[in-house]
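What follows is one structure encoded as structure tokens, with my remarks underneath.
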Amino acid sequence: MHTLKYLYLKHFKKQSFTSHKSPELLTKAEKALFNRKLMASIHHFLSALSILSILVFSANAQLSTTFYATSCPRLAIIVRNAMRQAIVREARMGASILRLFFHDCFVNGCDASILLDDTATFTGEKNAFPNRNSARGFEVIDTIKAQVEVACNATVSCADILALAARDGVVLLGGPSWTVPLGRRDATTASQSAANSQIPSPFSSLATLISMFSAKGLSARDMTVLSGAHTIGLAQCRTFRSRIYNDSNIDARFAATRQANCPASGGDTNLAPIDGQTPSRFDNAYYQDLTGRRGLFHSDQELFNNGTQDQLVRTYSFNNAAFFRDFAAAMVRLGSISPLTGTSGEIRRNCRVVN
């Protein structure tokens, strides 16, 4: 009752009423007016509190570089050691894991959906056109996951393991490092149709590339620097045949060299280095290839073909530090595409199947 009296007095003083009535002498109309205003104030307060709660929850649901600091403190060491062993066995694996991460993030976000196997009742993304008979490195992720489960049972997502492994593959091949935000959870679904339509193809035009990256919240600059991932790895003949036989903006000697192992028909799975100079070292040689019209994919050469990205390609071709700096920052943005966090998704025990 005393609180109500205080609110009445405070309200009427604020409103500069000339009469100094006590709360007991207020008219019914005056009390009704005050009650309406008081309820409106309470409503606004509760609404603001609700919005604040949502903002706090959203902030807590974001990725964090210290997400596993106490729940799985040895995670980074486990992933790095396993990736080191994998790359010692096959240097190409760094590029394969990096490609897996990219193809995962471009289909409904970085949620490890690409790791799910097809079953009689489930269609995953492994047999989508961009992944069929080319996506590789799944066994490496399986090995890392098994080791992580021993150390931290049911704690670390496959999506986070893939993000860390992609970073470590780049570092172990001489590339830049970056701090990987963590806290992703694993999808319980996958989309083969989205994988077929949302992953850029090696036949894409510059306009298509810019548009597809923009759809994921990435800029044209991000697109150009992330394409620098092609400085490592190998590609199948079927992905660059049309480039070396039909494109005119290509170095003749380079085309002839690639044609020797990629016939006009047949040999679809024959391999060639995407970066002909240093295919097992992460550096800026890819951009030097582009300025010399030696891009292996049509989509690669589109970045340097009298278009909007020519100057950036030139910069990266002679400034390795700028390439490394921008690549690291763009990888963090790539890894932040629509992650499942909080209670969404799950922590898979086996990366190939939902729990």
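Quick notes on this one:
- Here the dipole of region 221-297 is about 140 debye; that uses its Cα centre as origin and unit charges on the Cβ of Lys and Arg (positive) and Asp and Glu (negative).
- Local electrostatic count, Asn350, Cβ distance below 11 Å [Lys/Arg +1, Asp/Glu -1]: 0
- About its Cα centre, the dipole of region 54-141 is roughly 400 debye, where the only charges are +1 on Lys and Arg Cβ and -1 on Asp and Glu Cβ.
- Rounded to the nearest 20 debye, the dipole size of region 96-240 about its Cα centre is 420 debye, using +1 on the Cβ of Lys and Arg and -1 on the Cβ of Asp and Glu.
- Cα lying deepest toward the dipole's positive end in region 203-319, options Ala285, Tyr316, Tyr245, charges on Cβ: Tyr245
- Global form of region 228-334, assessed from the alpha-carbon gyration tensor, a/c cut-off 1.5: prolate
- Applied to region 167-179, the Karplus parametrisation 6.51 cos²θ - 1.76 cosθ + 1.60 on θ = phi - 60° returns per-residue 3J(HN,Hα) values of 4, 5, x, 5, 4, 5, 9, x, x, x, 10, 7, 7 Hz, with x for Gly and Pro.
- Using a Förster distance of 25 Å, the FRET efficiency for Thr119-Thr308 (Cβ separation, nearest 0.05): 0.05
- With every protein chain in place, region 214-355: carbon and sulfur % of accessible area (1.4 Å): 49 percent
- Of the GluC sites (Glu not before Pro) in region 89-156, those whose Cβ has at most 14 other Cβ within 10 Å and which sit in DSSP loop: Glu90
- Taking all protein chains into account, the per residue accessible area for region 182-313 stands at 41 Å² (1.4 Å probe).
- Amide H contacts under 5 Å for Leu182: Ser64, Thr65, Thr66, Phe67, restricted to partners 5 or more places along the chain or on a different chain, H placed in the peptide plane at 1.01 Å from N.
- Residues listed by number, region 288-304, amide nitrogen under 19 Å from Ala256 label point at 7 Å toward C-beta: 292-296
The values are calculated or read from the model by the stated rules, or taken from the named source; none is laboratory data. The structure presented is a predicted model; accordingly, all values stated were derived computationally and were not measured. Methodologically, a virtual Cβ is constructed for each residue, glycine included, from the backbone with ideal geometry; neighbour enumeration extends over all protein chains shown. These accessible areas exclude ligands, DNA and RNA; they are computed on the full protein's heavy atoms, side chains included. Shrake-Rupley method; radii C 1.70, N 1.55, O 1.52, S 1.80 Å.
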